[in-house]
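Structure first, then comments.
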Amino acid sequence: MLAALLALSQVDGEEPIVLDDPTVFSCTPGRIEPLGSRTIELRKRDETLRELSVQRPGTDAPHFLVVAQAPAEMRPLMSPEEFASTARIEVDTASLVGLEWKHGARSELVFTEPGKYIFFASAVLGSGIGGYICSVTFSGSR
């Protein structure tokens with residue numbers, strides 16, 4: 001799953017730097033249980049991070065949540081400017097919608113299968129400059 005995020009960020013064959021550093025970018029709780037809260041809190045302490053995606057388990061392409069020049073079929077979570085200036089974001093697993101980054105995709109619910117979901121924040125997704133990740137394990141029950 002991380003390989004898809006790395007491939008998306010790769011430029012000129014060089015591996016981008018992807019860091020798992022909760023002091024810069026974090027997700028809580030780390031696990032969403034059937035009887036618990038459906039809300040994930042993303043905390044970001046770097047205003048250069050302007051775009052956001054999430055990788056679902058078992059998929060090759062990430063779902064974009066915040067991206068500059070979003071295609072018409074995408075319903076972004078917020079604008080890149082809002083994301084850059086926001087330190088704390090709450091997302092509801094029952095309603096979070098993203099656009100899988102592949103030809104012909106449509107916006108769709110992100111949290112549909114149990115497993116590990118990896119959020120990726122970057123200054124520019126797909127630019128090769130890398131970014132920060134955090135992950136949440138989703139039980140699959142709503």
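For region 108-138, which residues satisfy the criterion of being at pLDDT 90 or above and of a type in the set (Gly, Ala, Ser)?
Initial filter on region 108-138 (at pLDDT 90 or above): 108-125, 130-138.
Correct list: 115, 121, 122, 123, 130, 131, 135.
Taking the condition of being charged (D, E, K, R) and part of a loop (DSSP other than H, G, I, E, B), how many residues in region 29-51 meet it? Walk me through it before giving the result.
Initially, region 29-51 is screened for residues charged (D, E, K, R), giving 31, 33, 38, 41, 43-47, 50-51.
Next, from what is left, pick out any that are part of a loop (DSSP other than H, G, I, E, B): 33, 38, 45-47, 50.
The qualifying residues number 6.
Is it true that residue 105 is over 22 Å from residue 126 (Cα atoms), modelled with pLDDT under 95 and of a type in the set (Gly, Ala, Ser)?
Values: over 22 Å from residue 126 (Cα atoms): no; modelled with pLDDT under 95: yes; of a type in the set (Gly, Ala, Ser): yes.
No, not satisfied.
Restricting to strands (runs of 3 or more DSSP E) lying wholly in region 53-133: which have 3 or more residues that are over 21 Å from residue 20 (Cβ atoms) and without any contact (Cβ under 8 Å) to a residue 60 or more places away in the chain? Show your work before the answer.
Values: elements: 63-66, 88-92, 97-100, 107-109, 115-122.
In region 53-133, the matching strands (runs of 3 or more DSSP E) lie at 97-100, 107-109.
Restricting attention to region 60-77, and to residues there that are in contact with a helix residue (DSSP H, G or I) (Cβ under 6 Å, 6 or more places away or on another chain) and either surrounded by fewer than 17 Cβ atoms within 10 Å (Cβ to Cβ) or more than 18 Å from residue 132 (Cα to Cα) (or both), which single residue is modelled with the highest pLDDT?
Among those residues, the one meeting the criterion is 68.
Among 51, 33, 15, 90, which is the only one that is closer than 20 Å to residue 117 by Cα, modelled with pLDDT under 90 and of a type in the set (Asp, Glu)?
Working: 51 fails: modelled with pLDDT under 90; 15 fails: closer than 20 Å to residue 117 by Cα; 90 fails: modelled with pLDDT under 90.
Only one candidate qualifies: 33.
Condition first: β-branched (Val, Ile, Thr) and either loosely packed, with under 13 Cβ neighbours inside 10 Å or closer than 12 Å to residue 134 by Cβ (or both). Now tell me which residues in region 29-47 satisfy that. Explain how you work it out, then say what you get.
Going residue by residue through region 29-47, those that are β-branched (Val, Ile, Thr) are 32, 39-40.
Of everything in region 29-47, just one residue is β-branched (Val, Ile, Thr) and either loosely packed, with under 13 Cβ neighbours inside 10 Å or closer than 12 Å to residue 134 by Cβ (or both), namely 40.
Within region 101-118, work out how many residues are of a type in the set (A, V, I, L, M) and in contact with a Phe, Trp or Tyr (Cβ under 8 Å, 6 or more places away or on another chain). Please lay out each step first, then the result.
The first filter runs over region 101-118 and keeps only residues of a type in the set (A, V, I, L, M), leaving 105, 109-110, 118.
After this cut, where a residue has to be in contact with a Phe, Trp or Tyr (Cβ under 8 Å, 6 or more places away or on another chain) as well, the list is 110.
Adding up the residues that qualify gives 1.
Go over the candidates 57, 80 one by one and state the one that is over 12 Å from the mean Cα position of the chain (by Cα), closer than 19 Å to residue 134 by Cα and either charged (D, E, K, R) or surrounded by fewer than 17 Cβ atoms within 10 Å (Cβ to Cβ) (or both). Steps first, please.
Details: 80 fails: either charged (D, E, K, R) or surrounded by fewer than 17 Cβ atoms within 10 Å (Cβ to Cβ) (or both).
None of the other options fit; the residue is 57.
The values are calculated or read from the model by the stated rules, or taken from the named source; none is laboratory data. Model, not experiment: these values are computed from the prediction. Neighbour counts run over all protein chains shown; Cβ positions are idealised from the backbone, glycine included.
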